[in-house]
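Notes follow the structure.
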Amino acid sequence: MAEIHQGGCLCGSVRFRTVGPPVKTTVCHCRFCQRAGGSAFMVEPMFLKSNVTFEGGPISTYDHRSPEHGRMLHLQFCPKCGSRVGLLLERFPALQTIYGGVFDDPNWFRPEWHIFTREAVGWMVFPRDVTCFERHALKSDGTPETPWQVPE
C-alpha cells in the first residue's frame, strides 16, 4: 500500500495529500526562502506533481522571478489565512514542493541536504549527517556542486 501523508493550511481551507516518499527533502537557507518564510530557512520536501493532490478551497499564487538566476518561483498559499503550503519551481517543472511545516505530522520525512549555507544565519548549527552546499546542490547546467561536510 502506498505511503500517504496529509496536511493543510492554518485555517483548514486548503488541504493536500502526498503519495509516496519525497523525491528529495531540502533545507534552504537562501535570502528568498528566509524572506518568503519569515524564518531562518525553509524545509522543502519535493514530490512528483502526480503524487500531490490539493483539496478544499482554492490556492493563491505569488509569482516571483529570482534576481539571482532569472527563473520563476511560484509560491502557493491559502487566500484566507495566508499560510504558504507549496512552491513550484520553473527549474524543476515535474516537481511540487510542499512546505514541511504544513504536514499534519511533520516528523515523517528527513532532510537530505542543506543548500545556500553561505547565506545561513550566524547561529545555525548544521547536522553532521546531512550534506551541505554553499550554494545550490546543482549547478545551472544540472551537474552536481561539490558539497562540504560539517566537521566533527
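Can you give the FRET efficiency for residue 134 and residue 74, using 1/(1 + (r/R0)^6), R0 = 25 Å, r = Cβ-Cβ distance, to the nearest 0.05?
Computed FRET efficiency for residue 134 and residue 74: 0.45.
Based on other C-beta atoms within 10 Å, arrange 43, 27, 150 from fewest to most.
On the way: 43 21, 27 24, 150 14.
Neighbour counts put them in this order, fewest first: 150, 43, 27.
Convex hull volume of the Cα atoms in the range 4-132, per residue, in Å³?
Convex hull volume per residue, Cα atoms: 109 Å³.
Equivalent ellipsoid semi-axes for the range 94-152, as square roots of 5 times the alpha carbon gyration tensor eigenvalues: give them largest first, rounded to whole Å.
Sorted largest first and rounded, they come to 21, 18, 11 Å.
Please go through the range 1-106 and write out the GluC sites (Glu not before Pro) that DSSP classes as loop and that have at most 15 other C-beta atoms within 10 Å.
3, 68, 90
Within the set of other residues whose C-beta is less than 15 Å from the C-beta of residue 25, count the net charge using Lys and Arg as +1 and Asp and Glu as -1.
-3
Where nothing but the Cβ of Lys and Arg (+1) and of Asp and Glu (-1) is charged, how large is the charge dipole of the chain around its Cα centre, in debye to the nearest 20?
Details: 16 positive and 15 negative charges, 76 e Å.
My answer is approximately 360 debye.
Extension gain residue 143-residue 19, at 0.36 nm per residue separation less the Cα-Cα distance, in nm?
Contour length minus Cα-Cα distance gives 41.8 nm.
Please work out how much length the chain gains when fully extended from residue 48 to residue 112, using 0.36 nm per residue of separation minus the C-alpha to C-alpha distance, in nm with one decimal.
Roughly 21.4 nm would be gained on extension.
Any number yet on Rg/Rh for the range 72-120, C-alpha, Kirkwood?
1.00
Bear in mind these aren't lab numbers, they're just calculated from the coordinates by the rules spelled out. Remember, it's a predicted structure, so these values are computed and weren't measured experimentally. Please note: Cβ atoms are built from the backbone with ideal geometry, for glycine as well, and neighbour counts cover all protein chains shown.
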